[in-house]
1. With the requirement that a residue be farther than 14 Å from residue 111 by Cβ and part of a strand (DSSP E or B), what does segment 1-20 give you?
2. Would you pick out the residues in segment 3-20 that are aliphatic (A, V, I, L, M), within 16 Å of residue 74 (Cα to Cα) and surrounded by fewer than 18 Cβ atoms within 10 Å (Cβ to Cβ)?
3. Among the residues in segment 27-34, are any farther than 21 Å from residue 106 by Cβ and open to solvent by 30 Å² or more (accessible area, probe 1.4 Å)?
4. Would you mention how many residues in segment 50-71 are of a type in the set (S, T, N, Q), in a loop (DSSP other than H, G, I, E, B) and in contact (Cβ under 8 Å) with a residue 12 or more places away in the chain?
5. So, in segment 72-94, of the ones that are part of a loop (DSSP other than H, G, I, E, B) and touching a Ser or Thr at 6+ places or on another chain (Cβ under 8 Å), which residue ends up most open to solvent (accessible area, probe 1.4 Å)?
6. Being in a strand (DSSP E or B) and open to solvent by less than 20 Å² (accessible area, probe 1.4 Å) is the filter here; which residues of segment 95-112 pass it?
7. For segment 67-109, which residues satisfy the criterion of being at pLDDT 95 or above, farther than 19 Å from residue 41 by Cβ, in contact with a strand residue (DSSP E or B) (Cβ under 8 Å, 6 or more places away or on another chain) and of a type in the set (Gly, Ala, Ser)?
8. Does residue 55 satisfy the criteria of being modelled with pLDDT under 95 and either surrounded by 12 or more Cβ atoms within 10 Å (Cβ to Cβ) or among the aliphatic types (A, V, I, L, M) (or both)?
Amino acid sequence: QVQLVESGGGLVQPGGSLRLSCAASGFTFSSYAMSWYRQAPGKGRELVAHITPLGPNTNYADSVKGRFTISRDNAKNTVYLQMNELKAEDTAVYYCYAEHAFISTMWYWGQGTQVAVSS
């Protein structure tokens, strides 16, 4: 029953913006830190952004800092990634990841959504 469903990916031009969403169900969303990871072709999975369960603290990969914003709406069980000033190197499959704040065995991955930045 646990699900993380990403949406909002697609093709966008360099300099453009895209907003990803990850809808969670089947677990207590507000007990979980949420992250966005990405995996570009031929590369490993990279942590892009992270947000604590109640949303006061965030952190970002250096490559996206100042351009991307992670946020969450616990009432909607949804985490977002607002991506601005997109670059070609942002092209990747973006994955939503949930991790319980204290219980290491409680973690979940979404299936991913493709983001392509190209002119």
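1. The initial filter retains those residues of segment 1-20 that are farther than 14 Å from residue 111 by Cβ, namely 1, 10-19.
Selection gives 10, 11, 12, 18, 19.
2. 5 - this is the single residue of segment 3-20 that is aliphatic (A, V, I, L, M), within 16 Å of residue 74 (Cα to Cα) and surrounded by fewer than 18 Cβ atoms within 10 Å (Cβ to Cβ).
3. If we filter segment 27-34 for residues that are farther than 21 Å from residue 106 by Cβ, which is where we start, we get none.
No; the residues of segment 27-34 include none that is farther than 21 Å from residue 106 by Cβ and open to solvent by 30 Å² or more (accessible area, probe 1.4 Å).
4. Narrowing segment 50-71 to residues of a type in the set (S, T, N, Q): 52, 57-59, 63, 69, 71.
Going one step further and asking which of them are in a loop (DSSP other than H, G, I, E, B), we end up with 52, 57, 63.
Checking which are in contact (Cβ under 8 Å) with a residue 12 or more places away in the chain leaves us with 52, 63.
Final tally of qualifying residues: 2.
5. Quick first cut of segment 72-94, residues part of a loop (DSSP other than H, G, I, E, B) only: 74-77, 84-87, 91.
This time we only want the ones that are touching a Ser or Thr at 6+ places or on another chain (Cβ under 8 Å), so: 74, 77, 84-86, 91.
Working: 74: 47, 77: 53, 84: 51, 85: 107, 86: 4, 91: 38 Å².
Among those residues, the one meeting the criterion is 85.
6. Passing the criteria: 96, 98.
7. Hits for segment 67-109 are 71, 98.
8. Working: modelled with pLDDT under 95: yes; either surrounded by 12 or more Cβ atoms within 10 Å (Cβ to Cβ) or among the aliphatic types (A, V, I, L, M) (or both): yes.
Yes, satisfied.
The values are calculated or read from the model by the stated rules, or taken from the named source; none is laboratory data. Just so you know, these numbers come straight off a predicted model, no measurement behind them. Because the Cβ atoms are built from the backbone with ideal geometry, glycine has one as well, and the counts that use them run over all protein chains shown. Note: accessible area is taken over every heavy atom of the protein model, side chains too, but ligands, DNA and RNA are not part of it. Shrake-Rupley method; radii C 1.70, N 1.55, O 1.52, S 1.80 Å.
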